[in-house]
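Structure first, commentary second.
The values are calculated or read from the model by the stated rules, or taken from the named source; none is laboratory data. From a predicted model like this one, the values you see are computed outputs, not experimental measurements. Reconstructed Cβ throughout: ideal geometry from the backbone, glycine too, with neighbour counts over all protein chains shown.
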Amino acid sequence: MVVIAVLVGLLVLAAFAALHWFAWRRLVRDTTAGPGPARRAGTVLFAVAPVLTFAALLAERAGAPFLLQRILAWPGFLWLALSLYLLLALLVGELARPLLRRWVESRGGGTAPAERPAAEQRPVAVAAAAGPKPASEEGTSVEPAPEEPASGRPEPEQPTPGTGATASTPTPPAASAPSRRLFVSRIVGGAVATAAVGTVGYGAHGVLSGPKVKRLTVPLAKLPRAAHGFRIAVVSDVHLGPILGRGFTQRVVDTINATQPDLVAVVGDLVDGSVENLGPAAAPLAGLRARHGAYFVTGNHEYFSGADQWVDHVRELGLRPLRNARAELPGFDLAGVDDVAGEDEGAGPDFAAALGDRDRARASVLLAHQPVVIHDAVEHGVDLQLSGHTHGGQLWPGNLVADLANPTLAGLERYGDTQLYVSRGAGAWGPPVRVGAPSDITVVELASRQA
């Protein structure tokens, strides 16, 4: 297994390097006329930026000093997103390149000035100074050359009127224009860079400005009339870490409180780091306000960051952890299970402990970070499961991969008598960028069919 993992890692590195070489060739080498400052700067960028990306990933997983993580995270993770969209835009550019070359050639006709043979580029001034063609070329007799002066020394040549130079002095040719190939490469490269930077900038602004509120009504057959309209604010995948910190947490808390929910459900992946490093960033969670309180279940990233310590810490902040446990609320049962990543630590989901002895005549809502446990929820008669984890794909076309790995990528779907709602999450992992998967905090309003 170790050998296979090493081989897979080497293949990934080789592919990553090959794609960066292709991007460097198209965006740096092909857009510069030759060695110079521009080519050197581009080469340094394509050599150093990927190293920063791997360094940022390794620093986070290895628990490097938090200051170092923060220094590496911004350039490393942003380059990860930027390189993705540079490569996607380059693929489109490769399709457009031959069409653009044909269009340029049709507009210019023939060969570009810089590509004409040197023998054909006769200076205009020399041609003008040469005067009329010899008689041998005109079809008339050749006139004798003028006699030299008696001194035997040739008479100095006279300047050609209006030129200020002798007839035999050649005029330097004008600076040659870029070739059509270079011109097309610069047009395509500029468009590719603009599209990639614009996409990443737009996606980063969407994350850093905070999640938007999404509202959803979910009818439950067993919900009593008295609980009709009960509102649960669902927030997942905040991913506090080297990039998203205390200010981001405060925006999330303010957004939730503005909806005036009856209950807040934090469904995992709250943090990417230890309590020691991120405790201050999580502090605003103490300000969450809801009539029936705030509840928390672990996500897979909590198990990378010290799940037990974070469970204790969020309890101190006023949230109630549901670790394979259940709370009876007016009108329904609220249950929560540990994330499946906890199985490596002997603390995975235990549906029997959370739901085994409950009254199945009552409606039930389950908090579980990953949608993949939906089939266990169906077996235990859960009416509604609230999950996150997928980020909706976060970076298009990552949604295509995430959709294959999860029963539901985002939104509400039904599995037998159980409904599953998957939030896209409030934050972002890795690059603070979302494309095609906007962040959200969802207010789920429970509806009684009896009402």
(message) Please verify whether residue 315 is in contact with a strand residue (DSSP E or B) (Cβ under 8 Å, 6 or more places away or on another chain), free of Cβ contacts under 8 Å to residues at least 40 places away in the same chain and not in a helix (DSSP H, G or I), treating the condition exactly as stated.
(response) no
(request) Exactly one condition in (1) of a type in the set (D, E, K, R); (2) farther than 23 Å from residue 370 by Cα; (3) assigned to a helix (DSSP H, G or I) is not met by residue 291; state its number. (result) (3)
(request) Take the residues in the range 285-312 that are in contact with a strand residue (DSSP E or B) (Cβ under 7 Å, 6 or more places away or on another chain) and farther than 22 Å from residue 275 by Cβ, then tell me which one is surrounded by the most Cβ atoms within 10 Å (Cβ to Cβ). (result) 290
(message) Please verify whether residue 39 is among the basic types (Lys, Arg), at pLDDT below 95 and either within 30 Å of residue 274 (Cα to Cα) or not assigned by TED's automatic domain parsing to the domain that holds residue 239 (or both), treating the condition exactly as stated.
(response) no
(request) Please work out if residue 50 is of a type outside the set (S, T, N, Q) and either surrounded by fewer than 17 Cβ atoms within 10 Å (Cβ to Cβ) or assigned by TED's automatic domain parsing to the domain that holds residue 246 (or both). (result) no
(request) Look at residue 425 and say whether it is among the small types (Gly, Ala, Ser), at positive phi, in contact with a Ser or Thr (Cβ under 6 Å, 6 or more places away or on another chain) and crowded, with 19+ Cβ neighbours inside 10 Å. (result) yes
(request) State which residue is surrounded by the fewest Cβ atoms within 10 Å (Cβ to Cβ) when the search covers only the range 428-451 and only residues that are in a strand (DSSP E or B) and of a type outside the set (A, V, I, L, M). (result) 445
(message) Can you tell me which of (1) over 23 Å from residue 307 (Cβ atoms); (2) over 22 Å from the mean Cα position of the chain (by Cα) is the one residue 368 doesn't meet?
(response) (1)
(request) Check whether at least one residue in the range 228-241 is surrounded by 15 or more Cβ atoms within 10 Å (Cβ to Cβ), outside any loop (DSSP other than H, G, I, E, B) and aromatic (Phe, Trp, Tyr), and report yes or no. (result) no
(request) Just give me the residues in the range 65-86 being under 12 Å from the mean Cα position of the chain (by Cα) and in contact (Cβ under 8 Å) with a residue 40 or more places away in the chain, in sequence order. (result) 77, 78, 80, 81, 82, 83, 84, 85, 86
(message) Which of the helices (runs of 4 or more DSSP H) found entirely inside the range 1-113 contain at least 2 residues meeting this: of a type in the set (S, T, N, Q)?
(response) 37-62, 66-108
